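Here's the structure, in structure tokens; my notes come after.
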Amino acid sequence: MPSDCISYQKSGYFSKLIVDYLDEKSELETLYNRFPKIENFREQIAEKQQNFSVENRHVLVSELEKQYANFEISDATKSNIKLLTNSNTFTITTGHQLNLFTGPLYFIYKIVSTINLCKQLKKEYPNNNFVPIYWMATEDHDFEEINHFHCKEVTIRWNRESFGPVGRLSTEGLDNVFDVFSNVIGHSLNAEKLKELFINTYIKQSNLADASRYIANELFKKEGLVIIDGDSKALKKICIPYIKKELLEQASFKNVNQTKEHLKKYFIQVNPREINLFYIEDTIRERIILENGIYKIKNTAIQFTETDILIELENHPERFSPNVILRPLYQEVVLPNLCYIGGGGELAYWLELKSNFEANKITFPVLLLRDSVILVSEKQSQKANKLNLTWNDLFSNQDELLNSKTKEYSKFKIDFTEQKESLKKQFGNLHKIAIQTDKSFIGAVKAQETKQIKGLENLEKRLLKAEKKVHKEELERITLLQNELFPNQILQERKANFSEFYLEHGDLMIEKISIELNAISQEFKIITL
């Protein structure tokens, strides 16, 4: 095919806000700290080094060692955890939900983007160390978003009830999911590897947080990936002053609402609450609401006075869970982090948050759009070449693509613009006559012009339709190929699971992706397997 990438801006799959951010539009400059260019990390390093305490580093390392206590980890991961005690070590972070068997492909791309940026930064700044972090969204509660994945056009689903933080959810019942998955993938060598991975992840681990840590570790342990669970008493203890401020002042509500004024012409990704905290226990995750001086836990009988809730915070900080507005602040308080890597939707809500970081005197990270990828087989690539399709063609709307290709294949021009212009000139002369006579004739001329133009437009549509029948075979092949690469006209990475490609390519699939990706380049990658 003519090229192996397309700019995010031209892909048609990113919002106007993200396109304007990538284009570094001046009106967005106040909403981020530094644009994601390698040279801009020098100042980011200096700022974070100055604002991140040694004490927090020791708490972080101690907690990570505790979280990894029952896992076999690589020397690379062990080394990275130890390096975090050093003041010249920084993190690059991505976060993701605990999707079953990693969920859509972009989970893989997020983590590879994070690992590869660490490698790039180490080359540019050799006196510093850079540790890739996967922040597990263990405190989320939307089970329906994570309880399934797609493989070979089959939706594999975990059916059960879920309450409270999903990370604490028991893996009970996933043996039934394994039976379905096993039948879908068959008995090849790579299929057996996937089955073993599923068993070790979901049958042998007791809860979803441990299972998610296990599978991410297995896939990326050679790269030294460090996985962190924010559902931690020790880490939240560091955040007590910020949680207390949220409870007493509701400052983030005011700060984020002020920032939203700068984003009025865009779609607002998230809206702040007066208190952006949940109260969590094993089977509870409910909003904290302040009513008449009493802090109430929604949908429960639990309530606190101001004095009582502050005592609860001191004794049980693990029961206070930040929502989407405060979670980024929590992350940046406990990590010596330089950059957050996320998808378009994630970056859209991060761009609402800088004023709240400034109010809390926490360094705002560089925001980097994760790599996006389409995986293509050699056969699909050959089909595209035979059909003379570019990646701009394949990324376009299907109706527009088929219309364009029909016009390209046709022996004659399917465009009546020339005829319409000629007709308008003829009616121009009639208009000159009409204004010199009775006004009723002016209306008749206008009506006839509209009718004639409409007639030509209908003939043009009918001719296009007729030519589509002539070139039916080529157009069906184009439709089939585009549907393979963009299932249901959505991005492959938002539906397909890595297992579908692993079945054919095994470990080489992830190795190839790891070699090809470079998030700093800000291009949609097309990788042929």
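What to note about this one:
- Long pairs among K354/K512; K221/K525; K78/K237; K25/K221; K265/K361, criterion Cα-Cα beyond 32 Å: K354/K512; K25/K221
- For D75, D371, the ranking by accessible surface with the largest value first comes to D75, D371, using a 1.4 Å probe.
- Candidate residues D415, D438: accessible-area rank, largest first, probe 1.4 Å: D438, D415
- Listed residues E511, E460, E281 arranged by accessible area, highest first, probe 1.4 Å: E511, E281, E460
- Computed accessible area, H505, all protein chains, 1.4 angstrom probe, square angstrom: 50 Å²
- Of all DSSP-defined beta bridges confined to the range 73-229, some 30% are antiparallel rather than parallel.
- Prolate/oblate/rounded label for the range 118-222 (Cα gyration tensor, a/c 1.5): oblate
- Mean-position separation - Cα centroids, the range 98-135 and the range 226-267, in angstrom: 24 Å
- Distance distribution note for the range 268-414: the fraction of Cα pairs above 26 angstrom is 54%.
- The DSSP beta bridges internal to the chain are antiparallel in roughly 45% of cases.
- Table column - 3J(HN,Hα) (Hz), the range 316-333, Karplus curve with 6.51, -1.76, 1.60, x for Gly and Pro: 9, x, 5, 8, 10, 10, x, 8, 4, 6, 9, 4, x, 5, 4, 4, 6, 6
- A straight line joining the Cα centroids of the range 408-476 and the range 162-177 runs 62 Å.
- The share of accessible area on the range 10-49 that comes from carbon and sulfur is 45 percent, using a 1.4 angstrom probe.
- Distance from the Cα centroid of the range 337-368 to that of the range 179-204 is 38 Å (rounded to whole angstrom).
- Shown here for the range 56-158: trypsin sites (Lys or Arg not before Pro) in loop regions (DSSP other than H, G, I, E, B) with at most 13 other Cβ atoms within 10 Å, namely K152.
The values are calculated or read from the model by the stated rules, or taken from the named source; none is laboratory data. In this text, all values refer to a predicted model and were calculated from it rather than measured experimentally. Note: ideal-geometry Cβ built from the backbone for every residue, glycine included; neighbour counts use all protein chains shown. The accessibility values were calculated without ligands, DNA or RNA, using every heavy atom of the protein model including side chains. Shrake-Rupley method; radii C 1.70, N 1.55, O 1.52, S 1.80 Å.
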